[in-house]
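**Student:** Below you'll find the structure I mean.
Just so it is clear, none of the values below were taken in a lab; they were calculated from the coordinates. Only a predicted model underlies this, so the values are computations on that prediction, with no experimental measurement involved. For neighbour counting, all protein chains shown are included, and Cβ atoms are generated from backbone atoms with ideal geometry for every residue, glycine included.
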Amino acid sequence: MYLKSQANSINNMLKIENLKASVDNKSILKGLNLEVNAGEVHAIMGPNGAGKSTLANIIAGKEEYEVNQGTIELNGEDISELAPEERAHIGVFLSFQYPVEIPGVSVTNFIKTAINENRKAKGLEEMPAKNMLKMIREKSELLEIDRKFLSRSLNEGFSGGEKKRNEIFQMAMLEPKLAILDETDSGLDIDALRIVANGVNKLKSKDNAVIVITHYQRLLDYIVPDFVHVLHDGKIVKTGDASLALELEARGYDWIKEEMIS
Amino acid sequence: MDLKEKIISSYVAFEDGVNINSDIHEIRTEAFQNFEKLGFPSKKLEAWKYTSLNTILKEDYSIFPDKEKSINLADVKQYFIHDIDTYKVIFIDGKYSSFLSETTHDSIDVCLMSSALTKAKYKPVIENYFNKIAKQDNLTSLNTAFSKEGAYIHIPKNTEVEKPIQIINFTTGTEAATMLQPRNLIVVEQNAHVQIIERHQSLTENAVLTNVVTEVYADRHSTVDFYKIQNDHISASLVDNTFIEQQSESVVSVHTFSFGGNITRNNLNFYQKGEHIDSILKGITIIEGKQHVDHHTLVHHIEPNCESHQDYKGIFDERATGVFNGKVIVEKEAQKTNAYQKNNNVLVSDKSTINAKPQLEIFADDVKCSHGCTIGQLDEEALFYMQQRGIGIKEARALLMYAFANTVLESVKIPEVKDRITRLIANKLNVNIGFNI
């Protein structure tokens, strides 16, 4: 037992300890602990306003959130002072709940720029155009993305499903260590959900980890989590395996609140 | 002695170099009297409310530099669009440089105003077109008074000019400060097509004030594409007075790219003298420091069934100031006019300023006229989104600015010009990314 936890603390990809954070002086995270290891899939569920998206944005480094206490470590390195792009360079990826529309920048050019900026940060040469094209072809096929779609302005006029598929396409291109999917299932019909989940599953490996933030259990039918956490009032109040998600789907969140009180 | 007095007292010396017993000189002296009466524009004039020339009028300019200067091609090659074959009309300190130029008289005339104003064979064209649409205002009159040199371009009917024409005015700054009055005339006959690239480039830090006048006549069914690259040294100021007269079914576009210079004032005037005309006015301004760029546009819709499209994008950082004054006049006879005007601005710094003034004077009742003016900041959410994908903040901002300005670049028809502008934008924003959007 002792040995196992030792090993865990070394292998922790993400380790969040006693995280307290606020936005505009409103306290949102109130002492959150979370450990995610390489090769694992974690689901974070919870009612509206529990702090799920805040957690995702804080890990990604969004500036408007203020970390008041606690630490966020990635592979043993404290990342809480890093700029968003520096976190991206060491492998943090956030699939946005509401991907931003950027008129005038095509999907292809955006991902090319992102990949080459990541490579530059690692001291690598730009990716040769041939390799880039091959990779774009492969990954767009994985997400069943129409070629014409790649020349459109980023997210501009995309349907909800297209936006989410495009997020996972970018994830596939960038090959992050830690991917956080913030309500990637919202706005998806069942076919799109299956395509997106299939994409995520194909990208999963023993070297990377995925955090799935969702309201609903249905995404977890496709992306099966190793752990399910319930986030309530800025803290993780319950952790279980995949069956916890089913229970939440059937019973809602109130029983957990009652459990907490008792 | 202030600049106006200096100019007036220099005129007799200027007359030594021209034929004073000519019709042209009649026009010059009339303009001279007009300038003497009006002087330089002050901020009291409505059209100059937001642009003051005071600081640049204090320089002790050399009024008409007389010495021949030569420069090495290697030193100035970067200012040419050199990856395509072009005609070139090049001036150094206002003097024609035969060494750097490539003119022609082979079916078209791409040559010098000094020849056109003095040689008999050009007389009919000069009589018909010279100084016919240039306004009689302060600075145009000043230019007319000193009009002697510049580019003369005459494209006969049904001629498609394959090579673009570059007009470049270099200043060497070997004089302490230099004032230039280039005068261009461009006559494009029926069904002809020409592309022109204009640039003013100072080669030293000495002050330059260029007051250029260009008249363009686009006859029936002709096409003229004009690109103005304004990326001059920070000590150089420019007043560009361009007058364009269009006949039926002609299409004229002017793209103005303003990145450099101290004070830049663009007076761009379109007069539609026929039906089914299209006038296109586009611009990208990206400035910083204490730079100032003023776009004063006029589209005069005189006849029915014509269109005009204006799209001006401005990005202002630090203490930079911008002015956009877009005037559209639709005469009573000009029914079925479609006139669109768009002016979008981003204030990057809270010390930067834009003064935007759309002016629509519509006397016809069956027209479509729209104008939209916006002033905003860069979208913080979009910046975070890009950063999250590993794009540094400086690059993310540059990409957003480029995307913002891109609607103007899309209509640039010469790929090499588009590439050049893209590179100039990357340089201006101090990033090393390809914007191949």
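**Student:** What percent antiparallel are the DSSP beta bridges of segment B:86-227, to the nearest 5?
**Tutor:** 20 percent
**Student:** Follow-up. Which order do peptides A:96-105, B:117-126 fall in by mean Cβ count within 10 Å, highest first? Show your work: numbers first, answer last.
**Tutor:** On the way: A:96-105: 19.5, B:117-126: 14.9.
My ranking of the peptides, most packed first, is A:96-105, B:117-126.
**Student:** Select from B:SER101, B:LEU142, B:VAL89 the residue farthest towards the positive end of the dipole of segment B:85-225; place +1 on Cβ of Lys and Arg, -1 on Cβ of Asp and Glu, and compute about the Cα centre.
**Tutor:** Positive-end residue among those listed: B:LEU142.
**Student:** Label B:GLN377 and A:ASP189 with points 7 Å out from Cα along Cα→Cβ: what is the distance between them in nm?
**Tutor:** According to this spin-label approximation, the distance is 4.0 nm.
**Student:** Indicate the gyration tensor shape class of segment B:384-437 (rounded, prolate or oblate), computed on the Cα atoms with a ≥ b ≥ c the square roots of the eigenvalues: a/c under 1.5 is rounded; otherwise a/b larger than b/c is prolate and the rest oblate.
**Tutor:** Prolate is the answer for segment B:384-437, as a/c is 1.5 or above and a/b outweighs b/c.
**Student:** Could I ask something else about it? For segment A:172-240, with the dipole built from +1 on Lys and Arg beta-carbon atoms and -1 on Asp and Glu ones, taken about the Cα centre, which of A:SER205, A:VAL230, A:ALA192 lies farthest toward the positive end?
**Tutor:** A:SER205
**Student:** Turning to a different aspect of this structure: What does the convex hull of the Cα atoms of segment B:117-159 come to per residue, in Å³, rounded to a whole number?
**Tutor:** Details: hull volume 4.1 nm³, N = 43.
Once divided by residue count, the hull of segment B:117-159 is 96 Å³.
**Student:** Okay, moving on. In degrees, nearest 10, range 0 to 90: what is the angle between the Cα axis of helix A:242-251 and the longest Cα principal axis of chain A?
**Tutor:** The angle comes out at about 70 degrees.
**Student:** Using each residue's phi in segment A:47-53, evaluate 6.51 cos²θ - 1.76 cosθ + 1.60 at θ = phi - 60° and report the 3J(HN,Hα) Karplus result to the nearest Hz, with x for Gly and Pro.
**Tutor:** x, 4, x, 6, x, 5, 5
**Student:** Taking Rh as the Kirkwood radius computed over C-alpha pairs, what is the Stokes-Einstein D of segment A:101-238 at 4 °C in a medium of viscosity 1.567 mPa s, expressed in µm² per second?
**Tutor:** Answer from the Stokes-Einstein relation: 80 µm²/s.
**Student:** Per residue Cα convex hull volume for chain B, in cubic angstrom?
**Tutor:** Each residue corresponds to 141 Å³ of Cα convex hull volume.
**Student:** Same structure again: One quarter of the convex hull surface, Cα atoms only: what value does that give for segment B:84-135 in nm²?
**Tutor:** 5.2 nm²
**Student:** A further question follows. Any idea what diffusion coefficient segment A:1-135 gets from Stokes-Einstein, in µm²/s, Kirkwood Rh on alpha carbon pairs, 20 °C, 1.002 mPa s?
**Tutor:** 125 µm²/s
**Student:** Now, a different point. Considering amide H positions built from the backbone, and no H for Pro or chain starts, which residues 5 or more places from B:SER97, or on another chain, come under 5 Å of its amide H?
**Tutor:** Here the answer is B:ILE90, B:PHE91, B:ILE92, since their amide H atoms fall under 5 Å of that of B:SER97.
**Student:** Over all Cα pairs of segment B:341-437, how is the pair count split among 10 Å bins, expressed in % and running from 0 up to the last occupied bin?
**Tutor:** Reading the bins upward from 0: 12, 36, 32, 14, 5, 0.
**Student:** Which whole-number percent is the relative contact order of chain A (Cα, under 8 Å, 6+ apart)?
**Tutor:** 26 percent
**Student:** Against the empirical 2.2 N^0.38 Å scaling, what ratio does the C-alpha Rg of the protein assembly as shown come to? Working shown, then result.
**Tutor:** On the way: Rg = 31.7 Å, N = 699, 2.2 N^0.38 = 26.5 Å.
Here the Cα radius of gyration is 1.19 times the empirical estimate.
**Student:** Over all Cα pairs of segment B:358-411, how is the pair count split among 10 Å bins, expressed in % and running from 0 up to the last occupied bin?
**Tutor:** Pairs per bin, as whole percents: 19, 33, 23, 15, 9, 2.
**Student:** Another question, if that's okay. As an exercise, find the ratio Rg/Rh for segment B:147-292 from alpha-carbon atoms, using the Kirkwood inverse-distance average for Rh. If you can, show how the numbers build up before the last one.
**Tutor:** Values: Rg = 15.8 Å, Rh = 15.7 Å.
Result for segment B:147-292 is an Rg/Rh of 1.00.
**Student:** Find the Rg to Rh ratio for segment B:194-237, where Rh is the Kirkwood radius over alpha-carbon pairs and Rg uses the same atoms. Kindly include the intermediate steps, with their values, before the conclusion.
**Tutor:** On the way: Rg = 14.0 Å, Rh = 12.5 Å.
Radius of gyration over Kirkwood radius for segment B:194-237 works out to 1.12.
**Student:** Which is farthest toward the positive dipole end of chain B among B:ILE302, B:ILE393, B:GLN181, measuring Cα position about the Cα centre, with Cβ charges +1 (Lys, Arg) and -1 (Asp, Glu)?
**Tutor:** B:ILE393
**Student:** Can you tell me the 0 to 90 degree angle between the C-alpha axis of helix A:129-142 and the longest principal axis of chain A, rounded to 10?
**Tutor:** Its long axis makes an angle of about 50 degrees.
**Student:** Run the helix sum for the protein assembly as shown: -39,500 (n - 2.57) per DSSP H stretch of 4+ residues, divided by residue count, reported at 222 nm to the nearest 500 deg cm²/dmol.
**Tutor:** -8500 deg cm²/dmol
**Student:** Let me ask something additional. Amide H of B:GLN201: which non-local residues (sequence gap of 5 or more, or other chain) have their own amide H closer than 5 Å, using H built in the peptide plane?
**Tutor:** Sorted by chain and number, the residues that satisfy this are B:ASN169, B:PHE170, B:THR171.
**Student:** Based on alpha-carbon atoms only, what is the radius of gyration of chain A relative to the globular estimate 2.2 N^0.38 Å?
**Tutor:** Here the Cα radius of gyration is 1.01 times the empirical estimate.
**Student:** Run the dipole for segment B:384-437 about the Cα centre, Lys and Arg Cβ at +1, Asp and Glu Cβ at -1, nothing else charged, and hand back the magnitude in debye, nearest 20.
**Tutor:** Here the size comes out at about 100 debye.
**Student:** Per residue of B:406-412, what is the mean number of Cβ atoms on other protein chains within 10 angstrom of that residue's Cβ?
**Tutor:** What the average comes to for B:406-412 is 1.
**Student:** Per-residue HN-Hα couplings for segment B:86-92, Karplus 6.51 cos²θ - 1.76 cosθ + 1.60 at θ = phi - 60°, whole Hz, x for Gly and Pro?
**Tutor:** Listing the rounded values in order: 9, 7, 9, 10, 10, 10, 10 Hz.
**Student:** Hey, another quick one. Could you go through segment A:228-233 in sequence order and give the Karplus-derived ³J(HN,Hα) for each residue, using 6.51 cos²θ - 1.76 cosθ + 1.60 with θ = phi - 60°, rounded to whole Hz, and x for Gly and Pro?
**Tutor:** Taking θ as phi minus 60°, the curve returns 10, 10, 9, 9, 9, 6 Hz for segment A:228-233.
**Student:** Averaged across the residues of A:103-110, what count of C-beta atoms belonging to other chains lies within 10 Å of each residue's C-beta?
**Tutor:** Across A:103-110, the average partner-chain Cβ count within 10 Å equals 6.
**Student:** Still on this model: Placing one identical point scatterer on every Cα of segment A:165-262 and ignoring solvent, what is log10 I(q)/I(0) from the Debye formula at q = 0.14, 0.19, 0.20 Å⁻¹?
**Tutor:** Here the Debye-derived log intensity ratios amount to -0.56, -0.95, -1.03.
**Student:** Among B:HIS295, B:HIS221, rank each residue by its count of other Cβ atoms within 10 Å, from fewest to most, as a rough exposure measure.
**Tutor:** Ranking B:HIS295, B:HIS221 by Cβ neighbours within 10 Å, fewest first, gives B:HIS221, B:HIS295.
**Student:** Mind checking the mean number of beta-carbon atoms from other chains within 10 Å of the Cβ atoms in B:373-385?
**Tutor:** Across the residues of B:373-385, the mean count of other-chain Cβ atoms within 10 Å is 4.
**Student:** Okay, moving on. Within segment B:260-352, what is the number of lysine pairs with alpha carbons under 22 Å apart, leaving out pairs fewer than eight places apart on the same chain?
**Tutor:** So the count works out to 14.
**Student:** Right, here's the next one. Counting alpha carbon pairs within less than 8 Å and at least 6 residues apart, what relative contact order, in whole percent, applies to chain B?
**Tutor:** Value for chain B: 9 percent.
**Student:** So, with +1 on the Cβ of K and R and -1 on the Cβ of D and E, and no other charges, what is the size of the charge dipole of the protein assembly as shown about its Cα centre, to the nearest 20 debye? It would help to have the intermediate numbers written out before the result.
**Tutor:** Details: 78 positive and 98 negative charges, 89 e Å.
Roughly 420 debye for the protein assembly as shown.
**Student:** Which order do A:THR108, B:THR353 fall in if you start with the one that has the fewest other Cβ atoms within 10 Å?
**Tutor:** In order of increasing Cβ crowding within 10 Å: B:THR353, A:THR108.
**Student:** If you don't mind, there's one more thing I want to ask. Report, to the nearest 10°, how far helix A:2-11 tilts away from the longest principal axis of the Cα atoms in chain A, using its own Cα long axis and a range of 0 to 90°.
**Tutor:** 30 degrees
**Student:** Once amide H atoms are built 1.01 Å from N in the peptide plane, which residues 5 or more positions from B:THR285, or in another chain, come under 5 Å H to H?
**Tutor:** Under 5 Å from the amide H of B:THR285 lie the amide H atoms of B:SER258, B:LYS313, B:GLY314, B:ILE315, each far enough along the sequence or on another chain.
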